[in-house]
Amino acid sequence: MVKKAVIPAAGFGTRFLPATKAQPKEMLPIIDTPTIQYVVQECVDSGIEDILIISGKGKRSIEDHFDRNFELESRISEREDEATYNQLRHIEDMANIHFIRQKELNGLGDAIYHARFHCGNEPFAVLLGDSVNSSIIPVTQQLIDAYEQYHQCVIGVERVPHDKVSRYGIAGGTHINDRILQISELVEKPSPDKAPSDLAIAGRYILTPQIFEALEKTPRGKGNEVQLTDALRLLLKQEPIIASVIEGKRYDMGNKLDFLKTTVEFALRRPEFAEPFKAYLKSVVND
Ligand code: UTP
């Protein structure tokens, strides 16, 4: 059973400057809801209610968002706005959320290493705090299902255009079936002629606690940071790892163009905005 999740959210977010100079990219809203709230909701929808958020400098607003705000609640309640009041109460009751600070930004691998005492000897899910999914079955649930079947670390992957593989970590191996790949190699940002597949690591993982030993042995890599992919490559020498092709669509909110696309697509799915927003988009596109 996977009962815990770790959400790394300490990074600088340099790709989204200047918006991220004084606010976390994980708090960038998709219409009216911060990105990280969607990530927490994905955990909850996948049956996980014990969540550790890796926080850091300038990330206090993430903690405030999941905390109770009595003054605000009483103001909303005086206005008899029950829907908004219930929304606020829902956020603080979503899950059991813990925080730990990554004091120095030494990379995603180092962020995950901060979860070793929290996760103990249990498998756990990792969800990057700046990426959201839209899917029928929550993506983390899909990976948990694969973990329960194979009892191996599971890396969520998505198919990317072949000429774009050099932007991603790519998994290569042998297909067990359409969706599951027995990984034999993990390559960081390969050129298209050297890529073992078009399957890119997609910001969601189920990891066994052995990852912590692998992280201890992982030297600093790209950007002088401890990279999770490097630790997974070390772990692969000791235990098998599978990749699961995610069913759904992934949005990387740390990337400005993806942020715009996410806002448009999510707005078109909201009943109160769908029609007027579509009409507006048509009018501006036709200008
Ligand atoms: P990214 O590589 O997208 O984060 O990490 P970043 O470094 O903030 O991004 P850019 O490239 O500078 O824009 C994916 C997730 O891992 C977290 C980030 O907060 C993000 O949610 N992260 C990254 C950490 O928690 N600690 C780190 O040291 C690095």
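The values are calculated or read from the model by the stated rules, or taken from the named source; none is laboratory data. This is a predicted model, so every value here is computed, not measured. Positions of Cβ are backbone-derived with ideal geometry, glycine not excepted, and every protein chain shown enters the neighbour counts. Note: areas computed on protein heavy atoms with side chains; ligands, DNA, RNA excluded. Shrake-Rupley method; radii C 1.70, N 1.55, O 1.52, S 1.80 Å.
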Among GLU247, GLU272, GLU265, which is the only one that is without any contact (Cβ under 8 Å) to a residue 12 or more places away in the chain and closer than 30 Å to PRO24 by Cβ? GLU272
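With the condition being open to solvent by 50 Å² or more (accessible area, probe 1.4 Å) and closer than 22 Å to SER135 by Cα, I'd like the strands (runs of 3 or more DSSP E) fully within the stretch 155-235 carrying at least 1 qualifying residues.
none
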Please state which of the following conditions ILE76 fails to meet, knowing it meets all the rest: (1) away from the ligand (no atom under 11 Å from the Cβ); (2) under 16 Å from ASP130 (Cα atoms); (3) of a type in the set (Val, Ile, Thr). (2)
Residues (within 20 Å of the chain's Cα centre (by Cα) and in a loop (DSSP other than H, G, I, E, B)) located in the stretch 238-287: ILE246, GLU247, GLY248, MET253, GLY254, ASN255
Can you say whether THR33 is away from the ligand (no atom under 16 Å from the Cβ), open to solvent by 20 Å² or more (accessible area, probe 1.4 Å) and in contact with a helix residue (DSSP H, G or I) (Cβ under 8 Å, 6 or more places away or on another chain), as far as the supplied structure shows? no
Of all residues in the stretch 89-115 being part of a helix (DSSP H, G or I) and crowded, with 17+ Cβ neighbours inside 10 Å, which is farthest from the ligand (Cβ to nearest atom)? ILE91
Unique residue being in a helix (DSSP H, G or I), of a type in the set (A, V, I, L, M) and in contact (Cβ under 8 Å) with a residue 12 or more places away in the chain when the list is ILE62, ILE48, ILE53: ILE62
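For the stretch 46-53, does any single residue satisfy the condition of being charged (D, E, K, R), open to solvent by 60 Å² or more (accessible area, probe 1.4 Å) and over 19 Å from the mean Cα position of the chain (by Cα)?
Scanning the stretch 46-53, I find no residue that is charged (D, E, K, R), open to solvent by 60 Å² or more (accessible area, probe 1.4 Å) and over 19 Å from the mean Cα position of the chain (by Cα), so the answer is no.
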Can you tell me which condition ILE137 does not meet? The list is (1) in a loop (DSSP other than H, G, I, E, B); (2) in contact with an Asp or Glu (Cβ under 9 Å, 6 or more places away or on another chain); (3) away from the ligand (no atom under 11 Å from the Cβ); (4) farther than 17 Å from VAL40 by Cα, and all the others hold. (4)
Answer residue from the stretch 1-23, given it is open to solvent by less than 30 Å² (accessible area, probe 1.4 Å) and farther than 17 Å from TYR251 by Cα and is farthest from the ligand (Cβ to nearest atom) among those: VAL2
Run VAL132 past the list (1) free of Cβ contacts under 8 Å to residues at least 12 places away in the same chain; (2) within 30 Å of ARG269 (Cβ to Cβ) and report the number of the one that doesn't hold. (1)
